[in-house]
1. Mind checking region 1-84 for trypsin sites (Lys or Arg not before Pro) that DSSP puts in a loop (not H, G, I, E or B) and that have at most 16 other Cβ atoms within 10 Å?
2. So how do ASP9, ASP168 rank on accessible area, 1.4 Å probe, biggest first, that is with the largest at the start?
3. Determine by what factor the alpha-carbon radius of gyration of region 34-84 differs from 2.2 N^0.38 Å, reporting the quotient.
4. Using the heavy atoms of the protein chains alone and a 1.4 angstrom probe, what is the accessible area of the chain per residue in square angstrom?
5. Whenever you get a sec, compute what percent of the accessible area on region 1-123 sits on carbon and sulfur atoms (1.4 Å probe).
6. Taking every eigenvalue of the Cα gyration tensor of region 92-140, multiplying by 5 and rooting it, what semi-axes result, largest first, whole Å?
7. Nearest 10 degrees, 0 to 90: what angle lies between the long axis of helix 35-58 and the longest principal axis of the chain (Cα atoms)?
8. How big is region 1-92 on each of its three principal axes, counting only the C-alpha atoms and giving the largest first in Å?
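The values are calculated or read from the model by the stated rules, or taken from the named source; none is laboratory data. Please read these numbers as outputs of a predicted model, since none were measured by experiment. All Cβ positions, glycine included, derive from the backbone under ideal geometry; neighbour counts span all protein chains shown. In case anyone asks, the SASA skips ligands and DNA or RNA and just uses the protein heavy atoms, side chains included. Shrake-Rupley method; radii C 1.70, N 1.55, O 1.52, S 1.80 Å.
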Amino acid sequence: MNKSTFWSDASRGGAIVGLTSIVLSTLGILFTKMAGMLSFVSVVVVIYLLFYFTRRRSMLYTKEGFTYGQSLGFIVAMSIFAGIIAGAFQIVASNWLFTAHFEETYKVLMSTLAQAGISGEEMELTAKMYRSMLFSPMPALLWSIVGNVIGYGFYGLFISIGTKREPDMFDSADEE
């Protein structure tokens, strides 16, 4: 792993984070009684993996340092790849593998919105938007990417505190 492999490292880390999320969400769909616990485990594992891959990346920058911004940028780059993988899985899962589960989720969401007092034209527009977010390929993929960038970016605000590295002040390379 060298410094010039930013996108390669980000895609590899993002793929592992995305696949881990897929496995845990699939287990949550299959074992609904454990869904809450699996969701918690998923958050913990994702945070750990983001920290692990970012720290591994920061180790390449011992002399010149690895800034907070570089760390956060790397996490956001990983989140884009994780979002692509998770979005592709959601497209397959919602349209072929677990259609009944996603239809039930959609029905619960719509009944919750109806109980909240949304009705008429607003409800129709909201229902159309949520249906496309869950079942249409491009909106599902885009929402997955955007959701991961926002969510993992938020985690990255805190992870980057622990993964940034100060430059080596005893490096004598500048004196030559």
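1. LYS3, LYS63
2. ASP168, ASP9
3. Taking the Cα Rg and dividing by 2.2 N^0.38 Å, one obtains 1.37.
4. 59
5. Within region 1-123, the accessible surface is 69 percent carbon and sulfur.
6. 21, 13, 5
7. 20
8. Taking the Cα atoms of region 1-92, the three principal extents are 50, 24, 19 Å.
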